[in-house]
Amino acid sequence: MGIKGLKLPSVYVYIYFLFAMAFYLLGFYPVKFVRDGCKCKLQINKNLLKYFIYTAFVLQIFNFYYLGGIPLFSGHLKSKAVNLFWFFSYLLFLPSINILFAKFYNKKYFIFLILGVVLFSLTGYRTPVVVIILSVLMTLYYTKKIPVEYSLVGILIIFFIISILGYVVVKFIEWQHWTLNPIQLLLYRAGYTLLVVEKATKLQGITHGLLFYYTLVGFFTSVDPRAIVGLKVLGYHHSTTSTIIGPPLLDFGIGGMLIQMFLLGFILKFLHNLQLKEKGLITAFYSIMMSHALTWIETGPTDLVVWILYFFGIVFALKCLKRCKK
């Protein structure tokens, strides 16, 4: 028995993860046509990126005004924080800050980064904050704007933010009462999610594609795919994460999981190889997509805004490939 009575998941859960990782790596092999990277320059206006960032800030501030408070300090407000204002704010800010660092690096842009981290932290959700910091670190690393040591410091900052932000959030959820410390909360969240996955391995195909469908349309119809996970797996309506393999297992079984992981490996390797010499817009989108893939390990691929970012990343990558100069 572990924290709050959580049991260790069975060995079968780890076997599923091993198969998922194997098919993710298998997705690398078809990506030979851009093995050595290629040179292409996709142009974008620096001032336009700044305008997008300013607009993102205004949308986020207006969101707090619309909600009537700061979601970080209220569970009720947090449940309403991911709305259209948040959606377009994130969609504008994340690519813009990464492209700005990749193509027009300037130390003063760290002010934008800090403001973005603060504003998105105030919504009470950790994942966007983690992705913002992690993607910028990756962009700076691949464009050789910062040494490796700085990246390691950034990872420590991410861990600190995850711990503290998660602790603050649960303390202000009016209908829950937690006595765990920040580290215990992280361990509890991990253990809880793994147990959800274990249940998902025994309920393969039970949602018949509903999770994928509502990932695409649920934001506009007020249906949370993670709430469907909670209902189908745990028996009650509660937003529940199920790792990167949970949703495809519940939707399409092990075959769907393996196809998803293969395609994810193919797409990310494609962009990785393409950005090796491009060092600009493609590097920015690769960093964004890879950062989201890493957070999916816990949260699962059930956010429309992320799929939109993936779509734009693939479109720009294909456009870049067309202009390649080997």
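Miscellaneous remarks
- Based on Cα atoms of the chain, Rg over Rh with Rh as the Kirkwood radius reads 0.96.
- The label point for Y65 and the one for F311, both projected 7 Å from the Cα toward the Cβ, are 3.0 nm apart.
- Neighbour counts of other Cβ atoms within 10 Å put F285, F220 in the fewest-to-most order F220, F285.
- Links that overshoot a 21 Å alpha carbon limit, given the list K78/K232; K41/K277; K7/K202; K107/K322; K41/K319; K39/K144: K78/K232; K107/K322
- Within a Gaussian network of the chain (alpha carbon springs, distance under 10 Å), most fluctuating of L48, L140, L165: L48
- Highest-fluctuation residue, I288, I114, I158 considered, GNM on the chain with Cα pairs under 10 Å: I114
- Scaled against 2.2 N^0.38 Å for its residue count N, the alpha carbon radius of gyration of the range 209-326 is 1.17.
- Highest GNM mean-square fluctuation among E198, E149, E298, for the chain modelled with Cα contacts below 10 Å: E149.
- FRET efficiency, 1/(1 + (r/R0)^6) with R0 30 Å, evaluated for I157 and N45 via beta carbons: 0.45
- Only helices enter the 222 nm calculation for the chain: every DSSP H run of n ≥ 4 contributes -39,500 (n - 2.57), and dividing by all residues gives -23000 deg cm²/dmol, rounded to 500.
- Pair K322, K108: separation of 7 Å Cα→Cβ label points (nm): 3.6 nm
Rule-based calculations on the coordinates, nothing more; no lab input. These numbers come from a predicted model, not from an experiment. For neighbour counting, all protein chains shown are included, and Cβ atoms are generated from backbone atoms with ideal geometry for every residue, glycine included.
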